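Chemist: First, the structure itself, so that you have it in front of you.
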Amino acid sequence: MIAALLAISAACTPAPWPLWEQFRTHFIESGRVVDATSDRRTTSEAQAYAMFFALAAGDRTTFDALLDWTQKQLARGDLSQRLPSWHWDESRNAVVDENSASDADLWLAYDLLEAARIWNSPAYDRLARSLFASVSAKEIVEVPGLGTMLLPGPVGFLLENGHAVRLNPSYLAPQLLRRAATAKLPGHWKELERNSERLLAAAMPNGFAPDWIVWRDGAVAVDAERGSLGSFDAIRIYLWAAMLDAHDPLRARLLKFDAPVLALARARGALPEQIDAQQPQRAHGRAPPGFLAALLPDANARGSEQLAILRAQLDATLADGLYGRPPTYYDQVLALFGAGFVEHRFRFDRDGKVVPGCSGGR
């Protein structure tokens, strides 16, 4: 039976993915993703996302190079013992902030867990389990009035002597939490998934997601330091929800939360770069290409003609195989997720497993 499953997996050859190939050429150097718009820094988020795309593309060579750099440079040589620092600076050739970012940590652990399954690697599996255990021990806490919740990082997010907590809703990709639960990993992953849905419902009363919130006295409060704007972080919330399995009841519930963002884009003729989650009429700027790509799965889920409109607007920004002029790292990441999903480069099943697209069909 195992041999048959491995044979099926081996027969699934991902089709060439031009955007991934361009991203790899333009942004990855010696196993690290270079964010040229921020002094050529490298972040744990960038490494984790790139590893996911390498996995979906069947590119194990790049996956291993990214993992090796991440372990050596961001985890001081041992991811089994240390969460990766989130920020590495090229000019110093060193980490400049040792705090980890829990979204990157979850994606990295998920990448390894899925790579272990797809590529039949016990070593990946052991490292994935160590990372999930570190996230559970260092970044998951009990929040009064909310329950089990993911901190954005181990340090700096408990406020007012523990009476309030700063949270980032976009860090809670439900696919990853679901996979940790279905893999029966130690920890309160089911509770975290359930509480994440509750947090989103409380944080998006108007259907617009903020980048950051504060949870205080059993309810969501506006973050006095960061405000209620939704932009570069919040755009991912709509993306994660729409990429859930089409028959997943959670997907239907989450899509109800964010329907207004597409309506706003349709009414304005363009998607804003910033939307005030408390007062949506306060919308500013014009969204970069990646935001358009992030909404493609949502538009596709609704069977809307807006899918064609968003796709046309996105494709109008394409130059030399990348989106935007100049192309930024984050725009390409959102495009790899959003456009890659609607192009069937990958999907997620109801257990949270990633299913790479195959040449000749899915």
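To keep it simple, each residue is scored yes or no on (1) modelled with pLDDT under 95; (2) within 22 Å of residue 175 (Cβ to Cβ).
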position: 264; (1), (2): yes, no
position: 281; (1), (2): yes, no
position: 284; (1), (2): yes, no
position: 302; (1), (2): yes, yes
position: 309; (1), (2): yes, no
position: 319; (1), (2): no, no
position: 351; (1), (2): no, yes
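Chemist: Which ones in the stretch 268-314 are β-branched (Val, Ile, Thr) and under 19 Å from residue 240 (Cβ atoms)? Before you say what the answer is, go through the steps one by one.
Modeler: Taking the stretch 268-314 and keeping what is β-branched (Val, Ile, Thr), we get 275, 309.
Of everything in the stretch 268-314, just one residue is β-branched (Val, Ile, Thr) and under 19 Å from residue 240 (Cβ atoms), namely 275.
Chemist: Is there any pair linking a residue in the stretch 50-79 that is within 16 Å of residue 19 (Cβ to Cβ) and surrounded by 23 or more Cβ atoms within 10 Å (Cβ to Cβ) to one that is at pLDDT below 95 and not hydrophobic (A, V, I, L, M, F, W, C), with Cβ under 6 Å and at least six apart or on different chains, and which?
Modeler: Close Cβ pairs (under 6 Å, with a partner that is at pLDDT below 95 and not hydrophobic (A, V, I, L, M, F, W, C)) amount to 57/14.
Chemist: Shifting gears a bit: Within the stretch 13-48, which residues are at pLDDT below 95 and touching a helix residue (DSSP H, G or I) at 6+ places or on another chain (Cβ under 9 Å)?
Modeler: Matches in the stretch 13-48: 14, 36, 37, 38.
Chemist: If we only count helices (runs of 4 or more DSSP H) wholly inside the stretch 242-335, which ones have 1 or more residues that are in contact (Cβ under 8 Å) with a residue 12 or more places away in the chain, in contact with a Gly (Cβ under 8 Å, 6 or more places away or on another chain) and under 18 Å from residue 204 (Cβ atoms)?
Modeler: It comes to 249-268, 289-294, 296-301.
Chemist: Scan the stretch 147-178 residue by residue and report those that are surrounded by fewer than 20 Cβ atoms within 10 Å (Cβ to Cβ), of a type in the set (A, V, I, L, M) and assigned to a loop (DSSP other than H, G, I, E, B).
Modeler: Across the stretch 147-178, the qualifying residue is only 155.
Matching residues to (1) more than 21 Å from residue 354 (Cβ to Cβ); (2) in contact with a His (Cβ under 7 Å, 6 or more places away or on another chain):
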| site | (1), (2) |
| --- | --- |
| 69 | yes, no |
| 82 | yes, no |
| 96 | yes, yes |
| 99 | yes, no |
| 114 | no, no |
| 126 | no, no |
| 142 | yes, no |
| 147 | yes, no |
| 167 | yes, no |
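Chemist: Return the only residue of 217, 223 being more than 16 Å from residue 169 (Cα to Cα), more than 21 Å from the chain's Cα centre (by Cα), at pLDDT below 95 and not β-branched (Val, Ile, Thr).
Modeler: 217
Chemist: Step by step: first the residues of the stretch 239-289, then only those that are small (Gly, Ala, Ser), surrounded by 15 or more Cβ atoms within 10 Å (Cβ to Cβ) and within 21 Å of the chain's Cα centre (by Cα), then the one that is nearest to residue 193 (Cα to Cα). Which residue is that?
Modeler: Ranking the qualifying residues of the stretch 239-289, first place goes to 241.
Chemist: Quick one: which residue in 83, 108 is part of a loop (DSSP other than H, G, I, E, B) and among the aliphatic types (A, V, I, L, M)?
Modeler: Unique residue meeting the criteria: 83.
Chemist: Additional query: Given the conditions (1) closer than 18 Å to residue 96 by Cβ; (2) β-branched (Val, Ile, Thr); (3) part of a helix (DSSP H, G or I), which single one is not true for residue 62?
Modeler: Every condition holds for residue 62 apart from (1).
Chemist: Identify, please: which residue in the stretch 30-48 is out of contact with any strand residue (DSSP E or B) (no Cβ under 9 Å at 6 or more places or on another chain) and not in a helix (DSSP H, G or I) and is, among those, surrounded by the most Cβ atoms within 10 Å (Cβ to Cβ)?
Modeler: Only one residue tops the list, namely 31.
The values are calculated or read from the model by the stated rules, or taken from the named source; none is laboratory data. These numbers were taken from a predicted model, which means no experiment stands behind them. Glycine gets a Cβ as well: all are built from the backbone with ideal geometry, and neighbour counts include every protein chain shown.
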